[in-house]
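Here the structure comes first, spelled out in structure tokens, and everything after it is commentary.
The values are calculated or read from the model by the stated rules, or taken from the named source; none is laboratory data. Nothing here was measured: the structure is a model prediction, and the numbers come from that model. Neighbour counts run over all protein chains shown; Cβ positions are idealised from the backbone, glycine included. Just so you know, the surface numbers come from the protein's heavy atoms only, side chains and all, with ligands and any DNA or RNA stripped out. Shrake-Rupley method; radii C 1.70, N 1.55, O 1.52, S 1.80 Å.
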Amino acid sequence: QVQLVESGGGLVQAGGSLRLSCAQSGRTFSRYAMGWFRQAPGKEREFVAAVNLSGGTTHYADSVKGRFTISRDNAKNTVYLQMNSLKPEDTAVYYCAARSWVLSPQASEYDYWGQGTQVTVSS
């Protein structure tokens, strides 16, 4: 069983930055592609970013390209989401997720989820 615990959320002004972390335990971290998703009130969960096993390949939603960076440290069993130039529309609960081997932008293809961390961007 894989456990995922997110941290790093909070309240920030528009234009500011936050770094989210997601620590995995339970299985071999390097066997899992990792993704970040978010869900705003009244909206469906949406893809934000994903990274492959080694960290060498990444994929982003158009809405965050150039502002967010996903990375992973396999020695620390942790995936990160660096968020810069934050906008009020980035306000959401952010979730990390894990799936075996291949990265994907589809939430339905992920097997394990964290509990989420709230990010609020004020205007």
Practice task
Inspect all residues belonging to region 25-38 and state whether any of them is surrounded by fewer than 22 Cβ atoms within 10 Å (Cβ to Cβ), farther than 11 Å from Y95 by Cα, modelled with pLDDT of 95 or more and under 14 Å from the mean Cα position of the chain (by Cα).
Solution key: no
Exercise for the section: For region 63-79, state whether one or more residues are of a type outside the set (S, T, Y), more than 17 Å from L4 (Cβ to Cβ) and outside any loop (DSSP other than H, G, I, E, B). Expected result: yes
Completion exercise
Condition set in contact with a helix residue (DSSP H, G or I) (Cβ under 7 Å, 6 or more places away or on another chain) and surrounded by 15 or more Cβ atoms within 10 Å (Cβ to Cβ), scope region 111-123, selection farthest from G15 (Cα to Cα): answer is V119
Exercise for the section: Taking V2 as the residue in question, decide whether it is modelled with pLDDT under 95, β-branched (V, I, T) and open to solvent by less than 60 Å² (accessible area, probe 1.4 Å). Expected result: yes
Fill in the blank from the handout: When region 92-110 is checked residue by residue, the ones that are open to solvent by 40 Å² or more (accessible area, probe 1.4 Å), in a loop (DSSP other than H, G, I, E, B) and at pLDDT 95 or above are P105, Q106
